[in-house]
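Below is one structure, written out as structure tokens; the observations come after it.
The values are calculated or read from the model by the stated rules, or taken from the named source; none is laboratory data. Keep in mind the model is a prediction, meaning the values are calculated, not measured. Positions of Cβ are generated from backbone atoms using ideal geometry, with glycine treated the same way; all protein chains shown enter the neighbour counts. All accessible areas refer to the heavy atoms of the entire protein, side chains included, with ligands and DNA or RNA removed. Shrake-Rupley method; radii C 1.70, N 1.55, O 1.52, S 1.80 Å.
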Amino acid sequence: GGDDAEPLAELPSNANGELLLQGVPAGQSIHLVLGGDYWVERTVPLAALRAGEERELGELSIARGVLLSGRALSDDGKPIESASVRLVERTGNQMPAGVMMAGMSGGVERQVETDADGRFRIAGLPPKEYTLSATRVGRVRAETSLVLSLSNPDHRVEMRMGEGGWVHGVVRSEDGTPLPNARVALIPARGFASYQWDTERILREGQEVGEDGSFRLAGVPEDNSQRVVAAAEGYARGRTDRVVPGMKVELGLAPRVSLAGYVFDAAGEPV
């Protein structure tokens, strides 16, 4: 199946590294996924088994890896729950950290979320150079560079996420009417972040505004590197220029227009 397919079975190898899979469904292609905390994941596609078939796969090699774990904490040491932690391999064709679009890194890319104690873990990483970042609404983004090595298979890191400053403002329609159903988000002003934060994502992950369309966003850094984006059902997305702590902004959203039509071939037949 796809990436979200439920595994048929999960089991550890024995002390000799041996595995025995029983009751495998016949007549369908499957994948054998090998990995672990200290092993780089490898996927082996297998042709469909016949009913009653016993298949010997022989030796399947996997490479040693590193377990990365850590915590996201506030400046005063309190855990930060539900922070998004993103690890991206540092490659020659990498875009600036924090603004890369999915699939553009050309290397390893993982994303996890911190638990109630601010902890996260990413298993089976190849020994390479990475950029690790942590983001959460209302917190200043944290970022660090890592060099993972097999000499330190248990690599631990701590990410400090300050509160930063804040911006406030209001979301209105073009005629000046407040939009109480709008949502807003603070995002990086550089690179592809504006494309990543489309209308659907703002409505899904953004912060609700008040009944009068007003909002207050925390986590604004001093370096003029963020902007505010807004969206509402039935309206096109809006965005500000770069913002700094204490700034007041207004976002006017234009009605969202849909374009519909038909496509015909040279003979007048619908395509």
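Solvent-accessible area per residue in the chain equals 61 Å², computed with a 1.4 angstrom probe and all protein chains kept. Ordering of 11-21, 109-119 by packing is 109-119, 11-21, highest average first (other Cβ atoms within 10 Å, averaged per residue).
For the stretch 168-179, the Karplus equation 6.51 cos²θ - 1.76 cosθ + 1.60, evaluated at θ = phi - 60°, returns couplings of 9, x, 8, 10, 10, 7, 4, 8, x, 6, x, 10 Hz by residue, with Gly and Pro reported as x.
Efficiency by 1/(1 + (r/R0)^6): what FRET value for Glu109 and Thr177, r their Cβ-Cβ distance, R0 = 51 Å, to the nearest 0.05?
Details: r = 42 Å, r/R0 = 0.82.
Given R0 = 51 Å and the Cβ-Cβ separation, E is 0.75.
Residue-wise HN-Hα couplings along the stretch 27-43, as the Karplus relation 6.51 cos²θ - 1.76 cosθ + 1.60 with θ = phi - 60° gives them from phi, are x, 9, 6, 9, 10, 9, 9, 9, x, x, 3, 10, 9, 6, 4, 9, 10 Hz; Gly and Pro carry x. I'd like the distance separating the alpha-carbon centroids of the stretch 195-271 and the stretch 112-180, in whole Å. Result: 22 Å between the Cα centres.
Using DSSP, restrict attention to beta bridges with both residues in the chain and report what percent are antiparallel, rounded to the nearest 5. Each step should come with its number before you reach the end.
Details: 51 of 64 bridges.
So the antiparallel bridges in the chain amount to around 80 percent.
Annotation: Cα Rg of the stretch 121-172 relative to the compact-globule expectation 2.2 N^0.38 Å equals 1.63.
Charges were assigned to the Cβ only: +1 to each Lys and Arg, -1 to each Asp and Glu. The resulting dipole of the chain about its Cα centre is roughly 820 debye.
Ligands, DNA and RNA left out, the 1.4 Å accessible surface of the stretch 121-271 is 47% carbon and sulfur atoms. Matching the structure-derived P(r) over Cα pairs in 10 Å bins from 0, in percent against the labelled list [x] 7, 29, 34, 21, 8, 1, 0; [y] 6, 21, 24, 20, 16, 10, 3, 0; [z] 6, 24, 32, 25, 10, 3, 0 gives the label [y]. Going 7 Å from the Cα of Glu205 along its beta-carbon direction, which residues of the stretch 236-271 have the amide nitrogen within less than 18 Å of the resulting point? Once the point is set 7 Å along Cα→Cβ of Glu205, 237-240 turn out to lie under 18 Å by backbone N, inside the stretch 236-271.
Take each of the peptides 259-271, 46-58, average the number of other beta-carbon atoms within 10 Å over its residues, and list them starting from the highest. Please report the intermediate quantities before stating the final value.
Working: 259-271: 5.9, 46-58: 9.3.
Order by mean packing, descending: 46-58, 259-271.
For the residues Pro127, Pro221, Pro255, a GNM of the chain with alpha-carbon springs under 10 Å puts the largest fluctuation on Pro255. Here the 3J(HN,Hα) profile of the stretch 110-119, calculated from phi with Karplus coefficients 6.51, -1.76 and 1.60 at θ = phi - 60°, is 9, 9, 9, 10, 6, 8, 5, 9, x, 8 Hz, Gly and Pro shown as x.
Do the sum for the chain: with -39,500 (n - 2.57) for every DSSP H run of n ≥ 4, divided by all residues, what is the mean residue ellipticity at 222 nm, to the nearest 500 deg cm²/dmol? Don't jump to the answer; show the numbers that get you there.
On the way: 2 runs with 11 residues, N = 271.
About -1000 deg cm²/dmol.
For Ser214, the residues 5 or more places off, or on other chains, whose built amide H falls under 5 Å of its own are Val171. Taking 0.36 nm per residue of separation and subtracting the Cα-Cα distance, full extension of the segment from Glu129 to Asp154 would add 7.5 nm.
First obtain the Kirkwood hydrodynamic radius of the stretch 145-271 from its Cα pairs, then insert it into the Stokes-Einstein equation at 37 °C and 0.692 mPa s, and state the resulting D in µm² per second as a whole number. After rounding, the answer is 192 µm²/s.
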